[in-house]
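Participant: Handing you a structure now.
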Amino acid sequence: MTVITGDRATKRRERGHELVAYLLNLAQNRGRDTPEGASARQALAELRRGANFHPGSRLPMVRHIARFLGDRPDSWPDECFYMVAALFAIHQAPVLTASYEHLKDRGLGAALDAMLNKSDSRLSHDNMEARLLALVNSGPATLPVHLRQAISLLSSAEVPLDWDMLLQDILDWRNMRRKVQDRWLREFYGAPVGRPRRDDVQDAGIAPEEITDEGETHNEG
């Protein structure tokens, strides 16, 4: 078993915060009729190509997010950074119409519930429930596709969410305790949800995002 230091996990979260801040800045600048606005629109278009999750689609993405990646190529954290950057690029309109600060701690389950409760929602509760169950039961290989479907629905309904929280959640996706999956379900069904706890795993010196479904740990970037 490889033990991940708390410092490595902390640095990873900091890089995640920086990535989300960069993405939010692109979204805020994209409407400007300036060179900066044109650059933001080009960057978002190139990041959006990554939403098909084909390895070749990462080539135009690299120059935008390379500085946020870790030092271990092809690691799960890098996968998550690519994933969130692409998903953000297909759903960033609400950033311009709402204060991002008030979205803090709005998880994906809560966002899907908010979308379902909109008066113009075209999805039934059973339909949304089935999609969410497929999402929370997906493994790392199928997670990107199920997430893209969920984010596309939120985009079409212009329902925002906390992108920083989403990134941290998928970094923790392989946690054998499935805390993220459980919290998304609780959010969706309206059950009480406390603030995410990381200390019970980190106290043992193991970063939650490094625990796989099989209970093994890996030292990734």
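The values are calculated or read from the model by the stated rules, or taken from the named source; none is laboratory data. The structure presented is a predicted model; accordingly, all values stated were derived computationally and were not measured. Glycine also receives a Cβ, built like all others from the backbone with ideal geometry; neighbour counts cover every protein chain displayed.
Participant: Sort through Arg122, Arg174, Arg197 and tell me the only one that's basic (Lys, Arg), in contact with a Lys or Arg (Cβ under 8 Å, 6 or more places away or on another chain) and modelled with pLDDT under 95.
Facilitator: Exactly one of Arg122, Arg174, Arg197 is basic (Lys, Arg), in contact with a Lys or Arg (Cβ under 8 Å, 6 or more places away or on another chain) and modelled with pLDDT under 95, namely Arg197.
Participant: Checking the conditions here, which among Leu87, Leu59 is in contact with a Lys or Arg (Cβ under 7 Å, 6 or more places away or on another chain), under 20 Å from Pro144 (Cα atoms) and not aromatic (Phe, Trp, Tyr)?
Facilitator: Leu87
Participant: Follow-up question, since we're still on this one. Restricting to helices (runs of 4 or more DSSP H) lying wholly in the range 108-167: which have 3 or more residues that are surrounded by 13 or more Cβ atoms within 10 Å (Cβ to Cβ) and within 14 Å of the chain's Cα centre (by Cα)?
Facilitator: Fully inside the range 108-167 and qualifying: 108-116, 143-156.
Participant: Pairs under 6 Å by beta carbon, first residue among the basic types (Lys, Arg) in the range 31-56, partner part of a loop (DSSP other than H, G, I, E, B), six or more apart or different chains?
Facilitator: Filtered contacts from the range 31-56: Arg41/Arg30; Arg48/Ile90.
Participant: A further question follows. Which of the residues that make up the range 52-74 are surrounded by 12 or more Cβ atoms within 10 Å (Cβ to Cβ), in a helix (DSSP H, G or I) and either modelled with pLDDT of 90 or more or not small (Gly, Ala, Ser) (or both)?
Facilitator: Asn52, Arg58, Pro60, Met61, Val62, His64, Ile65, Phe68
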